[in-house]
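Colleague: Okay, handing you the structure first.
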Amino acid sequence: MPTARTEAARFLTQATYGPNMAEIDLVASIGPAAWIEQQFNTGSIDTHWDYTVVRRGAPGCTTCNSGYINAVMESFWLQAVRGQDQLRQRTVLALSEIFVVSTVNSVIEGTEPAHASYLDMLSRNAFGNYRQLLEQVATHPAMGHYLSHFRNQREDAATGRIPDENFAREVMQLFSIGLWQLNADGSRRRDGSGNFIPTYNQNDVSGLARVFTGWSWNGPDKSEGRWAGEVPPAPALRNWREQMQNYPNYHSSSEKRFLGVTIPANTSGENSMRIALDTLFNHPNVGPFIGRQLIQRLVTSNPSPAYVGRVASAFNNNGNGVRGDMRAVIRAVLLDPEARDPSLANQATWGKLREPMVRFGAWMRAFNARSPQDRYAIWNLEDSVSSLGQNPLRSPSVFNWFRPDYAPPGEVMSRGLVAPEFQITHETTATGYANFVTHVVERGFNSMSSAIVAPNYAPEIALAGNPAALLERLNLLLVAGRMTPSTQQVILGAVNAIPSSQATARVHTAITLTMISPEFVVQK
C-alpha cells in the first residue's frame with residue numbers, strides 16, 4: 001500500500017542507515033511491506049573479503065592500496081552508505097552488536113581477514129535461519145579467537161586442565177537465552193518466592209564448555225600442523241574464510257551435561273555441537289531475548305510486552321511451521337502496528353537514541369557523500385572529544401558499546417525504562433558530536449587528502465534563497481517530518497541571519513543545526 005512520504009522516511013530511519021529522496025519516494029509508492037520483500041532479494045555490492053583481501057580496494061579501483069584493519073572499516077562504510085541492500089546492512093550492524101567480535105582487547109586486533117570474513121558471514125546469514133546463524137557464529141575462527149574456544153582442549157585430570165569456558169558462557173548469556181528465564185512477551189519469570197529464575201548455572205557452563213573443545217583451522221586434513229597452524233607455509237593453513245573443523249584428538253570424550261540435556265560420552269565433536277546448538281535454539285527464551293534486542297536496535301528502546309510477544313511468535317513459527325526464520329522476525333519487527341503507528345512517536349517513552357555511527361551514516365546517505373574511487377577512509381571515530389565516540393569493529397568488549405538493559409540514572413531509571421545508547425552518551429560525547437558535525441557538514445570527512453568523503457548539497461543550495469523550503473526538505477530527509485515548530489524557528493532564524501548571497505553557508509548552518517537537534521538525535 002502507498003504511504004505518506006513522512007511515514008516512508010520514518011520507516012527508512014528504522015530499516016536503513018538513513019533515507020535519501022529516491023528511497024523515500026520508492027517506499028511512499030509501494031509501501032514498507034513490498035520494500036522489505038525487495039530488500040530480501042537485493043544482493044550486496046561487494047564482499048568484505050574481496051575488498052580487504054583480494055583487491056585491497058573498492059570495486060573498480062585503479063589504485064588499490066587499502067591495507068590493515070583500516071581496509072575492513074573502509075569496506076564496512078562502503079556497503080553501509082552505497083549498498084542498495086540497506087535492510088541487510090542495517091541488520092548486519094544489529095547482529096554485529098549482539099554477536100560481538102572486536103579489534104579492541106583482542107588477539108585479532110589487526111587481523112583484517114578475520115573481521116572481513118566475519119562480516120561476510122553475518123551478511124550471508126542476516127536473512128537466513130537463526131539456527132544456522134548461531135552455528136556459523138560459534139564455528140567462525142574470528143569468534144573462536146575472540147572468545148578463546150579456538151584450539152580449546154579437552155580436560156586433563158593429570159594436569160588439572162579444564163576446557164576454556166568463555167564462549168560457553170557468552171553463547172548462553174549474550175547470543176541465545178540470556179541470564180533469566182523469560183515469558184513469551186520478554187518479561188522475567190518468577191519462582192514461587194517471587195524471585196527471578198536463572199537460565200543456567202556454573203555446572204551448565206562447565207558442561208557446555210566441553211562441547212567447544214577440539215575446534216581449529218579448517219582444511220583437507222586434521223594433522224597436528226593444521227591444528228596448530230604452524231607448519232610452513234603457515235598463512236595457507238590459517239583459513240579465516242571457512243568455519244572451524246573439529247579435531248577428535250583434542251575434543252572432550254566425556255559426558256556433557258547442561259540445561260537438562262546429557263550428551264553421552266564418546267560423542268563426536270560435530271554431533272556434540274549439533275546437540276548443544278539445537279538445545280539452545282529450541283529454548284523458549286530465544287524468541288523474546290533476541291527479538292527484543294532487534295526491536296531495540298531498529299525501532300524503539302522500550303517495546304511493549306505485546307510487541308515483543310508478537311516478534312517472539314514470528315520467531316517461533318513463521319506461519320509455515322519454521323522456527324528461527326530471520327525474514328519473518330524482521331518483518332515482525334518493522335511492520336508491527338506499534339512500529340508503524342505514527343501516533344506512538346508522540347509519546348515520551350517511545351523511540352530510541354540514534355547511535356552515533358548511524359547518525360553519521362544518515363548524513364552520508366542523505367547527501368550522497370562520496371570519495372574518489374568510493375574509498376571511504378573512515379577509520380577512527382571512537383574519540384569522544386573530537387569525533388563520534390563509536391566506531392565499527394571497535395567495541396570495548398563482547399558486551400558491545402552499550403547493553404540492552406542499560407538505564408541512565410534519573411527519570412529513565414526511576415520509571416523502569418532503559419536507554420541503551422545513553423551508556424556512551426555524556427557531556428563530552430554530546431559536545432564532541434556537535435563539533436564533529438559542524439566540521440564534517442562544512443568540509444566533509446577527511447582522514448586522508450586523496451579520499452575526502454564529500455557531500456553533494458546541490459539540491460539544498462538551489463533552495464537556499466527560500467529558507468522555509470530548504471528546511472522543509474531537511475525536515476523530511478533527516479527527521480521524517482517531525483521537526484517541532486520551536487526547532488524550526490531556531491533554525492530559520494539562524495539561516496535568515498546569513499545573507500542570501502551566501503547560499504552554501506546557509507545550507508551548512510541548516511544541516512548542522514538539524515543534525516544536532518533532538519528530533520534528529522532521537523529516533524521516533
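The values are calculated or read from the model by the stated rules, or taken from the named source; none is laboratory data. Keep in mind that this is a model prediction, so the values were computed, not measured. Cβ atoms come from the backbone with ideal geometry, glycine included; neighbour counts cover every protein chain shown. Only protein heavy atoms, including side chains, enter the accessible area calculation; ligands, DNA and RNA are left aside. Shrake-Rupley method; radii C 1.70, N 1.55, O 1.52, S 1.80 Å.
Colleague: What's log10 of I(q)/I(0) for region 253-357 at q = 0.10, 0.12, 0.13 Å⁻¹, Debye sum over Cα points only, no solvent?
Modeller: For the requested q values the scattering log ratios are -0.40, -0.53, -0.59.
Colleague: Something else now. Given a cut-off of under 8 Å on Cα pairs at least six residues apart, what relative contact order in percent is computed for the chain? Show your work: numbers first, answer last.
Modeller: Details: 916 pairs, mean separation 84.9, N = 524.
It comes to 16 percent, rounded to a whole number.
Colleague: Please calculate the 1.4 Å probe accessible area of residue 344, with all protein chains present, and give it to the nearest 10 Å².
Modeller: So the heavy atoms of residue 344 present about 30 Å² to solvent.
Colleague: Then there's this: Given the convex hull of the Cα atoms of the chain, what is a quarter of its surface area in nm²?
Modeller: Working: hull surface 106.5 nm².
For the chain, the mean projected area of the Cα convex hull comes to 26.6 nm².
Colleague: Please give the charge dipole size of the chain, origin at the Cα centre, charges +1 on K and R Cβ atoms and -1 on D and E Cβ atoms. Round to the nearest 20 debye. Kindly include the intermediate steps, with their values, before the conclusion.
Modeller: On the way: 45 positive and 44 negative charges, 95 e Å.
My answer is approximately 460 debye.
Colleague: For Cα pairs less than 8 Å apart in space and 6+ apart in sequence, what is the mean separation divided by the residue count of region 407-521, i.e. the relative contact order in percent? Kindly include the intermediate steps, with their values, before the conclusion.
Modeller: Values: 92 pairs, mean separation 25.9, N = 115.
After rounding, I find 23 percent.
Colleague: How many angstrom lie between the C-alpha centres of region 286-352 and region 380-420?
Modeller: Centre-to-centre distance over Cα atoms comes out at 21 Å.
Colleague: Go ahead and estimate [θ] at 222 nm for the chain from helices alone: -39,500 (n - 2.57) per DSSP H run with n ≥ 4, summed, over the residue count, rounded to 500. Before the final figure, lay out the partial values.
Modeller: Numbers: 25 runs with 240 residues, N = 524.
Mean residue ellipticity, 222 nm, calculated: -13000 deg cm²/dmol.
Colleague: Kindly rank 30-38, 318-326 from highest to lowest mean number of other beta carbons found within 10 Å of each residue. Could you put the intermediate results ahead of the total?
Modeller: Working: 30-38: 17.1, 318-326: 15.1.
Top to bottom by mean Cβ count within 10 Å: 30-38, 318-326.
Colleague: Something else about it: Compute for region 19-79: radius of gyration divided by Kirkwood radius, i.e. Rg/Rh, restricted to C-alpha atoms, rounded to two decimals. Each step should come with its number before you reach the end.
Modeller: Details: Rg = 15.5 Å, Rh = 13.4 Å.
When Rh is taken as the Kirkwood radius, the ratio is 1.15.
Colleague: When only Cα pairs under 8 Å and 6 or more residues apart are kept, what is the percent relative contact order across region 253-339?
Modeller: Numbers: 82 pairs, mean separation 16.8, N = 87.
Value for region 253-339: 19 percent.
Colleague: Moving on to the next point. For a quick size check, give me the Cα extents of region 374-524 along its three principal axes, largest first, whole Å.
Modeller: Dimensions of region 374-524 along the principal axes of its Cα atoms: 50, 43, 22 Å.
Colleague: So which trypsin sites (Lys or Arg not before Pro) in region 356-453 end up in coil per DSSP with only 16 or fewer other C-beta atoms within 10 Å? Could you put the intermediate results ahead of the total?
Modeller: Details: sites: 359, 365, 370, 375, 394, 415, 443; in loops: 375, 394, 415.
Of the trypsin sites (Lys or Arg not before Pro), the ones in loops of region 356-453 whose Cβ has at most 16 other Cβ atoms within 10 Å are 415.
Colleague: Right, something else. Per 10 Å bin, what percent of the C-alpha pairs of region 1-128 does each bin hold, from zero upward?
Modeller: Values per bin, smallest distances first: 13, 39, 29, 16, 3.
Colleague: I'd like the distance separating the alpha-carbon centroids of region 6-43 and region 63-81, in whole Å.
Modeller: Region 6-43 and region 63-81 have Cα centres separated by 26 Å.
Colleague: Another question, if that's okay. Taking amide H positions as placed 1.01 Å from N in the peptide plane, with prolines and chain starts having none, which residues 5 or more places from residue 522, or on another chain, fall under 5 Å of its amide H?
Modeller: 354
Colleague: Shape verdict for region 108-224, please, from the Cα gyration tensor: rounded (a/c under 1.5), prolate (a/b greater than b/c) or oblate. Intermediate values should be presented prior to the final figure.
Modeller: Values: a/c = 2.70, a/b = 1.33, b/c = 2.04.
In terms of gyration-tensor shape, oblate.
Colleague: Right, another one. Taking amide H positions as placed 1.01 Å from N in the peptide plane, with prolines and chain starts having none, which residues 5 or more places from residue 304, or on another chain, fall under 5 Å of its amide H?
Modeller: Distant-sequence amide H within range of residue 304: zero hits.
Colleague: Across 5 Å bins from the origin, how do the percents of Cα pairs in region 163-289 run, short distances first?
Modeller: P(r) over region 163-289, rounded to whole percents: 2, 11, 17, 18, 16, 13, 10, 6, 4, 2, 1, 0, 0.
Colleague: Moving on to the next point. In the full protein assembly as shown, how much of residue 244 is accessible to a 1.4 Å probe, in Å² to the nearest 10?
Modeller: Per-residue accessible area (residue 244): approximately 10 Å².
Colleague: Taking N as the number of residues in region 360-451, what is its alpha-carbon radius of gyration divided by 2.2 N^0.38 Å?
Modeller: On the way: Rg = 15.6 Å, N = 92, 2.2 N^0.38 = 12.3 Å.
Region 360-451 yields a ratio of 1.27.
Colleague: Would you mind working out the accessible area per residue for region 375-447, using a 1.4 Å probe, and quoting it in Å²?
Modeller: On the way: 3350 Å² over 73 residues.
With all protein chains present, region 375-447 gives 46 Å² per residue.
Colleague: Right, here's the next one. Quick one: what do you get for region 122-163 if you divide its Cα Rg by 2.2 N^0.38 Å?
Modeller: Details: Rg = 14.3 Å, N = 42, 2.2 N^0.38 = 9.1 Å.
The reported ratio for this selection is 1.57.
Colleague: Let me ask something else. Tally up the carbon and sulfur contribution to the accessible surface of the chain as a whole percent, 1.4 Å probe, everything protein left in place. Before the final figure, lay out the partial values.
Modeller: Values: 10520 of 20330 Å².
For the chain, the apolar C and S fraction of the accessible surface comes to 52 percent.
Colleague: Translational diffusion coefficient, Stokes-Einstein: compute it for region 422-483 using the Kirkwood radius over C-alpha pairs as Rh, at 37 °C and 0.692 mPa s, and state it as an integer in µm² s⁻¹. Before the final figure, lay out the partial values.
Modeller: Details: Rh = 13.9 Å.
Estimated diffusion coefficient is 235 µm²/s.
Colleague: Could you bin all the Cα-Cα distances of region 136-201 into 10 Å bins starting at 0 and give me the percent of pairs in each, rounded to whole numbers?
Modeller: 19, 34, 26, 18, 3
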